[in-house]
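Note sheet for the following structure.
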Amino acid sequence: EKAGFDHFMLKEIHEQPKAYRDTMRGRISEDGRSVVLPELKITAEQLKGINRVHIVACGTALHAGLVGKNVIENLVRIPVETDVASEYRYRSPIITPDTLVIVVSQSGETADTLAALREAQRCGARVLAITNVVGSSVAREADDVIITLAGPEIAVASTKAYSSQLIAFFLFGLYWAQTIGSKNESEVAHVLAAMQALPEQVEKVLAQAEVIKGVAESISHHSSLFFIGRGIDYAVAMEGSLKLKEISYIHSEAYAAGELKHGTLALIEEGTPVIALLTQEDVYEKMLSNIKETKARGADVLGIINEGHEVEVAKSVDRQFAIPRTLPLLTPALSVVPLQLLSYYASLALGHDVDKPRNLAKSVTVE
Ligand code: M6R
C-alpha cells in the first residue's frame, strides 16, 4: 500500500510530480497557450465583474491560499484577502456581490471551512472551491469547483494536496488573467511552459533528499527554530514551519524576514537553526542582509536558494539547498519540497509516528 516507502508521507511527497501532471492534464490547451477549465460555471462576464477575493481555509490549505493571494494579485491585479476559516464567519466579513470567495480544502469536509462557505453564500457571494475530494461537502455546496488530482492523501501531514492546490491557483489565476486580458496570450503561454516543467524539476529536488536528511538530523537536537522569507517565500516559510511542528513536535516560527529585527531577533542565539528561503530575485539582497542579521547572533543557516546562486550565497549561509530555476511566482511548488522532507526526516530521527502525529486527525469535522 505504501508502494515500498516506509511511510505514507514519504510516498505522498514522492507522488508530487504525478499530482502536478494530473492536476494540469486537460486544463492546458494543446498549443500550450491558454488554460481550459470547462468545469467552471462562472461566465466570463461574471468573472469580469469580480473586484475582490477572499481566500478562506484552515492549516496547510490556508497556506496554499497565501500563495494563491500572491498569484491572483500578480496575474489579475485584484485585491485578495486571506482568512482563517474559524475566524472568518465570526468577524462579519465585508462581502459584496462583486466578491469571489475561494475556499480551499483537501478533504472538503473541514467544519470551519464549510461553515465559512455557507456564510459567504448567505451574504450573497459566489464561492469557488479548490478541493481534492469529488463529492465532498465543500465540492457539493460550492458554486464552482476545481478538483485537485493529487489522489488520496493518507498521512495527516498534507504534502501533495498542498502543492496540487498551488497548481490549481496557478491555473485559475491564469484563466482569470486571460479572461479579463490582464495578461496577454504570450505571457500566459510563458507561465504555462514553466508550469509544465515543474514535475521534472520536483524529481530533481527529490533526488537530493539525502542533503536534507543530514540537516534534519542536526535540527532534531534543537527545541526551537525559525523559517524566514519575504513575499511568496514567507508564505512557504509558514507551511514549512507548520509541517515541522505537526510531525516532529519541534517548536518553530515562520517570520517575514524584515520583521525579525522588531523583536524576534532577540531569540536567536549561538546555534539557533534558521531556514531561510531566498528564491525571490526582487528581494534577494534584502534577504541576504536579513540572513546576516541572524548570523551575527550565531544562527546556523540553511538557505533554500535558486540554482546558480550557490557560490554567491556560500559566504552568507552555513548550508544550502538549490532548487531548479522557475518563474518567481511558481517557486513555492519547488521550494516546499525540501521543507516537507526536512520535517519528515526530523520526525523520523526523533522516532515519532510520522503518519499519525499526536493530538491530530486527518480531517477536522468539528468546529
Ligand atoms: O482537509 P483540509 O484541507 O480542509 O484540512 C485543513 C487542515 O486541517 C489541514 O491542512 C492540516 O493543517 C494538515 N494536517 C496540515 O498538514
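What follows is calculated from the coordinates using simple rules that are stated; it is not laboratory data. Quick caveat, the model's predicted, so the values are computed rather than measured. Cβ coordinates were reconstructed from backbone atoms using ideal geometry, including for glycine residues, and neighbour counts include every protein chain displayed.
Shape class for the range 1-148, computed from the alpha carbon gyration tensor (a ≥ b ≥ c): oblate, with a/c not under 1.5 and a/b at or below b/c. For the range 58-72, backbone phi angles converted through the Karplus equation (6.51, -1.76, 1.60; θ = phi - 60°) give residue-by-residue couplings of 10, x, 4, 5, 5, 5, 5, x, 5, 5, x, 4, 4, 5, 5 Hz, Gly and Pro being listed as x. Only helices enter this figure: runs of n ≥ 4 DSSP H residues, each worth -39500 (n - 2.57), summed and divided by the residues of the chain, yield -14000 deg cm²/dmol at 222 nm to the nearest 500.
Using only side-chain charges placed at the Cβ, +1 for Lys and Arg and -1 for Asp and Glu, the dipole size of the range 1-121 relative to its Cα centre rounds to 260 debye.
Please give me, ordered by residue number, the GluC sites (Glu not before Pro) of the range 220-320 that lie in loop per DSSP and have at most 14 other Cβ atoms within 10 Å. Hits after loop and neighbour filter: Glu269, Glu270, Glu307. Farthest towards the positive end of the charge dipole of the range 1-109, among the residues Gly59, Ile102, Val84, is the Cα of Ile102, using unit charges on the Cβ of Lys, Arg, Asp and Glu. Amide H contacts of Asp300 (H built 1.01 Å from N, in plane; Pro and chain starts excluded): Gly271, Thr272, Val274 sit under 5 Å, all sequence-distant by 5 or more or on other chains. Projecting the Cα atoms of Val133, Tyr20, Ile250 onto the dipole axis of the chain, where Lys and Arg carry +1 and Asp and Glu carry -1 at the beta carbon, places Val133 farthest toward the positive end. Computed from point charges on the beta carbon alone (+1 for Lys and Arg, -1 for Asp and Glu), the dipole magnitude for the range 244-304 about its Cα centre is near 120 Debye. Considering only Leu100, Leu327, Leu192, the Gaussian network model of the chain with Cα springs below 10 Å gives its largest mean-square fluctuation to Leu327. Charge dipole (Cα centre; +1 on Lys/Arg Cβ, -1 on Asp/Glu Cβ; no other charges) of the chain amounts to roughly 360 debye.
For the options Val283, Val215, Val53, a Gaussian network treatment of the chain with springs between C-alpha atoms closer than 10 Å singles out Val283 as fluctuating the most. Can you classify the range 231-290 as rounded, prolate or oblate using the Cα gyration tensor, where a ≥ b ≥ c are the square roots of its eigenvalues, rounded means a/c under 1.5, and otherwise it's prolate if a/b beats b/c and oblate if not? Note, shape of the range 231-290 comes out oblate. Split the chain at each of the chymotrypsin sites (Phe, Trp or Tyr not before Pro) in a DSSP loop with at most 14 other beta carbon atoms within 10 Å, and the longest piece is 91-367. The string of couplings for the range 190-204 from the Karplus curve (6.51, -1.76, 1.60, θ = phi - 60°) is 4, 5, 4, 5, 5, 5, 5, 7, 4, x, 5, 5, 5, 3, 5 Hz, one whole number per residue in order, with x for Gly and Pro.
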